[in-house]
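Step one of this worksheet: look at the structure below.
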Amino acid sequence: MVDLESEVPPLPPRYRFRDLLLGDQGWQNDDRVQVEFYMNENTFKERLKLFFIKNQRSSLRIRLFNFSLKLLSCLLYIIRVLLENPSQGNEWSHIFWVNRSLPLWGLQVSVALISLFETLLLGYLSYKGNIWEQILRIPFILEIINAVPFIVSIFWPSLRNLFVPVFLNCWLAKHALENMINDLHRAIQRTQSAMFNQVLILISTLLCLIFTCICGIQHLERIGKKLNLFDSLYFCIVTFSTVGFGDVTPETWSSKLFVVAMICVALVVLPIQFEQLAYLWMERQKSGGNYSRHRAQTEKHVVLCVSSLKIDLLMDFLNEFYAHPRLQDYYVVILCPTEMDVQVRRVLQIPMWSQRVIYLQGSALKDQDLLRAKMDDAEACFILSSRCEVDRTSSDHQTILRAWAVKDFAPNCPLYVQILKPENKFHIKFADHVVCEEEFKYAMLALNCICPATSTLITLLVHTSRGQEGQQSPEQWQKMYGRCSGNEVYHIVLEESTFFAEYEGKSFTYASFHAHKKFGVCLIGVRREDNKNILLNPGPRYIMNSTDICFYINITKEENSAFKNQDQQRKNNVSRSFYHGPSRLPVHSIIASMGTVAIDLQDTSCRSASGPTLSLPAEGSKEVRRPSIAPVLEVADTSSIQTCDLLSDQSEDETTPDEEISSNLEYAKGYPPYSPYIGSSPTFCHLLHEKVPFCCLRLDKSCQHNYYEDAKAYGFKNKLIIVAAETAGNGLYNFIVPLRAYYRPKKELNPIVLLLDNPLDDLLRCGVTFAANMVVVDKESTMSAEEDYMADAKTIVNVQTLFRLFSSLSIITELTHPANMRFMQFRAKDCYSLALSKLEKKERERGSNLAFMFRLPFAAGRVFSISMLDTLLYQSFVKDYMISITRLLLGLDTTPGSGFLCSMKITEDDLWIRTYARLYQKLCSSTGDVPIGIYRTESQKLTTSESQISISVEEWEDTKDSKEPGHHRSNHRNSTSSDQSDHPLLRRKSMQWARRLSRKGPKHSGKTAEKITQQRLNLYRRSERQELAELVKNRMKHLGLSTVGYDEMNDHQSTLSYILINPSPDTRLELNDVVYLIRPDPLAYLPNSEPSRKNSICNATGQDSREETQL
């Protein structure tokens, strides 16, 4: 048998257990050879080069030693001059020979030997084949001049007193200093500012010039005035400063020549140094320099990363960021890759901002620039997208890369990111706070169709204001609107709160109602201590806990409030009586001043709902029973809670059995089967049982399933909602879902028409004449323009055309720039609009962040700019819950147990409630709803555009020719520069003049002349509004559409609308007020164990719920 051990080779030592135990003893009998590898050539020259040149640390030590030697040689020269006794006489021998003691000579010889040896060694190591390049270098020549004479004097003793210009070693010291700083930067692996290097070179050059001039003049004047070093220093300073007193002057021609040479050298060298310094200073001004590490560790700062910085973006950020008192000591470091704009530079030079804002030109993708901004020490980083680019997806990609770069460089820095497209949101899920522009934009546009002016409501809530806007205006609605706009969302722990501490163990609706009644604050939501989810109006079943975080709407937060008892207020103001406008209601006691509020504690004693303060006076002999308002219970009674199954519908109770069967077959409630993008929140909504074929989605084209070609033919029961957009993007999902939410009754679902292009024919086919709302989304292709504010030009002009053609249509428009809202529904000769323009300018001068709020289209919720929601991201730094609350209000997120935003309209049957406090009580006690504001519409005697005045034939015929002939002539002269439609009196006179001419015409004119005259009269009679209406009707007839329902004269130009956020409890309700409500989640009231009883519960309580909600 063959021995297996002799056949199989042994394993290497590192793989054998025996060798692991015995160590490396087996290597002794191994034939392998250990080889060492070197990164450089292993020669003596290479080793010296590695030590003296290549190695940063050893090279730094060598250069520091060389620098010290040069300074020592200059010091020895000064000592030799001070020790020397000035000899008498003017012989030239005193220039070439000096008195040098033996110890001093020995020291200078030693320094010279070391310096020369080092110079020769470095020349040998840096030799690259050209010896003259080494010899003719200025440092080498100076070294030979200063060192060789001393070495020669060793072998020739008679030359020991020979003069050697050792003071020229100062230039060699300057050269060594420059090399030493470069080695220092390489050794510590840091890039110091080039400005520091250039300043150091300039200072060292000046010192070397002055020292050379001092020593040279002093030595050359040994045969003249025999100046000492101090006199030479005085002469040099006076000469170089161009003062020239003349008390000390050189006498010998040699010293004069030396001074001339030094001045020439200074005139050449110094301007070059100053030019380089000025260039670096200008470049540093452009790039912004650095934010020092010491400041970053001792001060707090945030970093703002943007691709391009515009003045509007900067001012919005600074005004909102520094509006919070605790952020006054923070610094803002702006990191932008582009050069600073002229307007931005001008603003940052204002003392208020120059001390707190630092601009750095750089990229967030470079670690070097992030280090300049000290991103690792920053309290937060805001990354904003550029919405003005045509390709918004590309802008998002840049934002994503910036977020990744910051997270990689500073993983502990909180990130606040703004993204444009919702499909890109999942790439930055790691960010602490994310605002997706298209999500919020489409959700607000959708809610504007359900709850009017939701966009204005959200905008006012996320802007910081003290409620001082409009307080000096003579208009009452502007005072109320401006004061209520100061309300914001705040938070506080229940047990630490004066507002809510007494409601521990009570229901949420009880706490909300009584806190509003007593303090005027509106409690809208809570959050458990052990839960991250915020619940908006969790309903009457929710019991308040001491550790709950309460979210409330108020003019200021509780910490900045001072409380004053109502009895004390009565004593101080017994004889005073304040009234609230024409309704003669007392002014609310909340007074905002510099962030502090004084709140009167009202009487908390129980009052009867039918007491004298709430009862209405008797109206004659008519006796009508006034419904009473039930009190809000501390703990919810199960039997009193009106529930309704969300799987059924409140509207089904009012339908016939046949309609109910068809409705149930058509709709179902559930979650959408497909998500348009990653990260969309699933929402329970109305769905169709079967998917509609794609061909049926074209409204203007028939297919094999239907033959309809316009909206009128479909016979929709509800009015349409038309969306005019450029493309059907993924963000449109957030527009559809709120309009199809599960809590909306089926009978109120509006058909949605997507209009990708909006010529007049397509508008008429899609039913614009009987649409409820038309939403105009800002086009991406128009967001980029040569002039920034011209990005909205196309949208504004198109909407203005719609406004003129369809004045009764409710148009909701999105703009890029908030400043362009003044052009919406523009009327050039409207005095009221001009007055609002002046008010806006005054509010802007007072420093208001909401100067545009009094523009009628914005106040009415008919226009908004998504850039106004940038403040939502800025506020999240102080209020980290604002994004979550806004998403819940808009329906972007759905949390189990959290309520939703809806609205109700005040009708004539509801006016018995009278005040907002009684409405609050009625809603809390019946349905559990929490009101947060009022949308009010008032009639206003606006100056109507003269072009819309229609003058009847009788009015023309009744006008006498004798009225104001002189005035008639003046108007006639001015008619050449203005349209006749703008001057009704001129128009009437012109008609009379034309009719008189027609009467004086020839009598033989027949029926043809009469017909032409009648047509002319008809053309004159028509106003501009009638002409537009005739144009629309003719176009509808041409397309085969019915003109029934098109009311050209029905417009809303004589009304104004505005929002009152959290109005005072004594605010009187008016007819057609729309109340914003946060309604509890219907799912929270459904029993989990008895699903079979859902329909019966809904049928039994559905009608009562509608009656109570309708009030």
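The values are calculated or read from the model by the stated rules, or taken from the named source; none is laboratory data. Source: prediction; values computed, not measured. All Cβ positions, even for glycine, are placed from backbone atoms using ideal geometry, and neighbour counts span all protein chains on display. The area values use the complete protein model at the heavy-atom level, side chains included, leaving out ligands, DNA and RNA. Shrake-Rupley method; radii C 1.70, N 1.55, O 1.52, S 1.80 Å.
Here are the numbers for this structure:
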| quantity | calculated |
| --- | --- |
| For segment 815-866, the fraction of alpha-carbon pairs in successive 10 Å shells from zero, as % | 26, 57, 17 |
| Residue-normalised accessible area of segment 692-851, given per residue in Å² at a 1.4 Å probe | 47 |
| Rg/Rh for segment 807-928, where both radii come from Cα atoms and Rh is the Kirkwood radius | 1.04 |
| FRET efficiency for Glu496 and His397, using Cβ-Cβ distance with R0 set to 45 Å, rounded to 0.05 | 0.50 |
| Point-to-point label distance, Thr801-Ile237, nm (Cα→Cβ direction, 7 Å offset) | 7.9 |
| Accessible area in square angstrom per residue, segment 192-272, 1.4 angstrom probe | 49 |
| Heavy-atom accessible area order for Glu299, Glu843, Glu275, largest first, 1.4 Å probe | Glu275, Glu299, Glu843 |
| Accessible area (Å², per residue) of segment 490-563, counting only protein heavy atoms and a probe of 1.4 Å | 35 |
| Extended-chain gain in nm, criterion 0.36 nm per residue less alpha-carbon gap, Asn533 and Arg293 | 82.6 nm |
| Cα-Cα separations in segment 436-511 greater than 22 Å, expressed as whole percent | 52 |
| For Asp408, solvent-accessible area (1.4 Å; no DNA, RNA or ligand), Å² | 120 |
| Distance between modelled label sites at Gln472 and Glu1027, nm, 7 Å Cα→Cβ extension | 4.3 |
| Residues Tyr714 and Glu690, FRET efficiency given R0 of 22 Å [Cβ-Cβ distance, rounded to 0.05] | 0.80 |
| Under Karplus coefficients 6.51, -1.76 and 1.60, residue-wise ³J(HN,Hα) of segment 707-724 in Hz, glycine/proline x | 10, 6, 10, 8, 5, 5, 5, 6, x, 5, 6, 9, 5, 7, 10, 9, 10, 9 |
| Probe 1.4 Å - accessible area at Phe163, Å² to nearest ten | 40 |
| Lys1033, Lys779, ranked by accessible area, largest first (probe 1.4 Å) | Lys1033, Lys779 |
| Ser702 versus Ser58: modelled label distance in nm, points set 7 Å from Cα along the beta carbon direction | 9.5 |
| Full-stretch length increase - Ser110, Ile135 - with 0.36 nm per residue and alpha-carbon distance subtracted | 6.7 nm |
| Among the listed pairs Lys506/Lys879; Lys691/Lys779; Lys45/Lys128; Lys712/Lys779; Lys779/Lys841, those beyond 18 Å (Cα-Cα) | Lys506/Lys879; Lys691/Lys779; Lys712/Lys779; Lys779/Lys841 |
| Normalised alpha carbon radius of gyration of segment 718-858 [divisor 2.2 N^0.38 Å] | 1.18 |
| Theoretical gain in end-to-end length, Ser675 to Ala835 [0.36 nm per residue, Cα-Cα removed] | 52.8 nm |
| Förster radius 60 Å - calculated FRET efficiency between Lys366 and Asp909, Cβ distance, rounded to 0.05 | 0.35 |
| Amide proton proximity set for Leu815, modelled H, under 5 Å, gap of 5+ | Phe864, Ser865, Ile866 |
| Lys310, Lys838, reordered so the largest accessible area comes first (probe 1.4 Å) | Lys838, Lys310 |
| Rounded accessible area of Ser68 (nearest 10 Å², 1.4 Å probe) | 60 |
